Amino acid sequence: MTITLHPASAADIPAMWALRTRAVRLSCASHYAPDVIESWSGAPAPDSYARLLAQGGGRLAREGDALLGYAILDTASGEVDAVFVDPAQGGRGVGRRLLAELEALADSLALARPLFLYAALNAVAFYEAAGFVRRRDAQYAHPAGMLLDCVYMDKA
C-alpha cells in the first residue's frame, strides 16, 4: 500500500492521542526516567489540539485505514507542536514526510519567523537530519503540569 497524507480534524484527536501515547511509552523511554514517561504518557490530549487542527495545521499519515503518524504546526506562531510516528512504523520515512509537509505549509503561509520546536531528547537527531539547528537545552512546560527536558531548535 501507499502512504498518503491528509488534513487532520478534531474527530481524529482520539486516534492521534493513542498513537502519541504509544510513541511516548516506547520511543521516549530510552531518554527519560520511568516516572517521567508515566506522567507524560498518562496526560490527556491538550485543549490546544482542537484549535490547532481548526487552523489547518494538522496532518495525518495513513496507509489504507491505518494511522501511521501525525504532525501539527501552529500556523500562527510557526511552532512545530508535534510529530509522532507509530513505533511499529519507524524507519519508513513517515516522520520525514510529515515534517516536510509542515514545512511546505509554513512556506505557503510565509510565516514571519523560522519554524521552531521543543524536541524530545530522543528526537533531536531526527530534527537535526531535517535541517533544524539546536539552539539550547530547555524545559518544555507540558500541559500535564510537568517540565520536560528537551532541546529548543529552529530552522529558517
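The values are calculated or read from the model by the stated rules, or taken from the named source; none is laboratory data. From a predicted model like this one, the values you see are computed outputs, not experimental measurements. So basically every Cβ, Gly included, is an ideal-geometry build from the backbone, and we count neighbours across all protein chains shown. To get the accessible areas, we keep the full protein, side chains included, count just its heavy atoms, and leave off ligands, DNA and RNA. Shrake-Rupley method; radii C 1.70, N 1.55, O 1.52, S 1.80 Å.
Once you have a ≥ b ≥ c as the square roots of the Cα gyration tensor eigenvalues for the chain, tell me rounded if a/c is under 1.5, and otherwise prolate or oblate according to whether a/b is larger than b/c.
On the way: a/c = 1.32, a/b = 1.07, b/c = 1.23.
The shape class here is rounded.
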- Message: Suppose each label sits 7 Å from its Cα in the direction of the beta carbon; what would the Ala112-Met1 distance come out to in nanometres?
- Response: 4.3
- Note on the structure: With 0.36 nm assigned to each residue of separation and the Cα-Cα distance removed, Leu26 to Ala156 gains 43.7 nm
- Task: Count the net charge of all other residues whose Cβ sits under 13 Å from the Cβ of Ala106, scoring Lys and Arg as +1 and Asp and Glu as -1.
- Result: -4
- Over the stretch 25-114, with neighbouring protein chains present, the accessible area per residue in Å² at probe 1.4 Å is 48
- Task: For the stretch 98-138, give the percent of accessible area contributed by carbon and sulfur heavy atoms, probe 1.4 Å, rounded to a whole number.
- Result: 51
- Query: Between the stretch 1-61 and the stretch 88-125, what is the C-alpha centre distance in whole Å?
  - Reply: 14
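Treating only the Cβ atoms of Lys and Arg (+1) and Asp and Glu (-1) as charged, compute the dipole magnitude of the chain about its Cα centre; round to the nearest 20 debye.
Working: 14 positive and 17 negative charges, 46 e Å.
With Lys and Arg at +1 and Asp and Glu at -1, about 220 debye.
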- The extension gain from Asp137 to Ala66, computed as 0.36 nm times the residue separation minus the Cα-Cα distance, is 22.1 nm
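Once neighbouring chains are kept in place and the probe is 1.4 Å, which whole percent of the accessible area of the stretch 4-81 is contributed by carbon and sulfur?
Numbers: 1930 of 3430 Å².
Carbon and sulfur together cover 56 percent of it.
What value, in deg cm²/dmol to 500, does the helix sum -39500 (n - 2.57) over DSSP H runs of n ≥ 4 give at 222 nm once divided by the residues of the chain? List each step's numbers first, then the result.
Values: 5 runs with 53 residues, N = 156.
The helix contribution divided over the chain gives -10000 deg cm²/dmol.
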- Length released on extending from Ala144 to Ala54, taking residue separation times 0.36 nm less the Cα-Cα span: 30.2 nm
- Query: In nm², what is the average projected area of the convex hull enclosing the Cα atoms of the stretch 1-83?
  - Reply: 5.9
